[in-house]
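Worksheet: the structure to be examined is printed underneath.
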Amino acid sequence: MEDIDLADVIFDRILKEHGEDLDPSKISKPQQTVMLVYHSYGIIGNGGFQYLFEGDFPGDPEFLLTRQAYKTIGAEDASAAFTKAFSVFPKSTPPENIDRRLEIWQSNYNLMDSAKDVASPDSMYFNAMDGVMEKLNRYIKSNEADFAALPE
């Protein structure tokens with residue numbers, strides 16, 4: 001099974017167990033890690049950090065658990081992109097208000113920056129994406145027991 005396929009299957013099984021509107025802060029650390037990395041991977045991969053900042057993750061309003069999930073799987077390059085992206089906010093913490101969050105983000109970056117600046121957070125993340133799935137796959141395999149009881 002390819003990396004993205006394994007992560008996709010486990011993500012679906014986590015949603016079957018806990019429901020679509022699950023609060024990641026209320027599930028086991030291994031399931032939380034897979035859920036947050038996989039979910040944010042799809043969001044950022046489709047529209048950069050702007051897409052991430054346009055919404056909220058229930059139970060992770062400042063994306064602290066999400067940032068930690070990348071560290072947990074050892075995705076250092078993607079973690080560096082998160083650090084750089086979040087550094088635009090006071091105390092590296094995005095405001096709760098989405099409009100204010102986007103105002104701050106957009107005054108510093110936009111998706112087009114990734115095409116002309118390899119050091120932009122989006123470009124850094126896009127370049128790390130293959131490694132993220134490899135590391136997530138390894139993490140899932142090394143924590144198989146934590147996913148065994150999830151519904152098929």
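The values are calculated or read from the model by the stated rules, or taken from the named source; none is laboratory data. These numbers were taken from a predicted model, which means no experiment stands behind them. Glycine gets a Cβ as well: all are built from the backbone with ideal geometry, and neighbour counts include every protein chain shown.
Numbers at a glance
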quantity	calculated
Tally of residues being buried (at least 16 other Cβ atoms within 10 Å of the Cβ), closer than 20 Å to Met133 by Cβ and without any contact (Cβ under 8 Å) to a residue 24 or more places away in the chain across segment 69-89	1
Those residues of segment 46-57 which are in contact with an Asp or Glu (Cβ under 9 Å, 6 or more places away or on another chain), surrounded by fewer than 22 Cβ atoms within 10 Å (Cβ to Cβ) and farther than 12 Å from Glu96 by Cα, in sequence order	Gly47, Gln50
Only listed residue being modelled with pLDDT of 95 or more, over 11 Å from the mean Cα position of the chain (by Cα) and of a type in the set (Gly, Ala, Ser), chosen from Gly74, Gly19, Gly59, Gly55	Gly74
Where a residue in segment 36-63 is on the phi > 0 side of the Ramachandran plot and its partner, wherever it lies, is in a helix (DSSP H, G or I), with Cβ under 7 Å and at least six apart	Gly48/Ser114; Gly48/Asp122; Gly59/Pro24; Gly59/Ser25; Gly59/Lys26
Conditions (1) in contact with a helix residue (DSSP H, G or I) (Cβ under 8 Å, 6 or more places away or on another chain); (2) farther than 20 Å from Asp8 by Cα; (3) modelled with pLDDT of 95 or more; (4) surrounded by fewer than 21 Cβ atoms within 10 Å (Cβ to Cβ): number failed by Ile43	(2)
Number of the exception - Asp5 against (1) within 13 Å of the chain's Cα centre (by Cα); (2) more than 22 Å from Arg101 (Cβ to Cβ)	(1)
All positions within segment 90-108 that are free of Cβ contacts under 8 Å to residues at least 24 places away in the same chain and under 23 Å from Ser25 (Cα atoms)	Lys91, Ser92, Pro95, Asn97
Candidates Asp130, Asp117, Asp122, Asp99, filtered to the one that is within 16 Å of Phe53 (Cα to Cα) and surrounded by fewer than 16 Cβ atoms within 10 Å (Cβ to Cβ)	Asp99
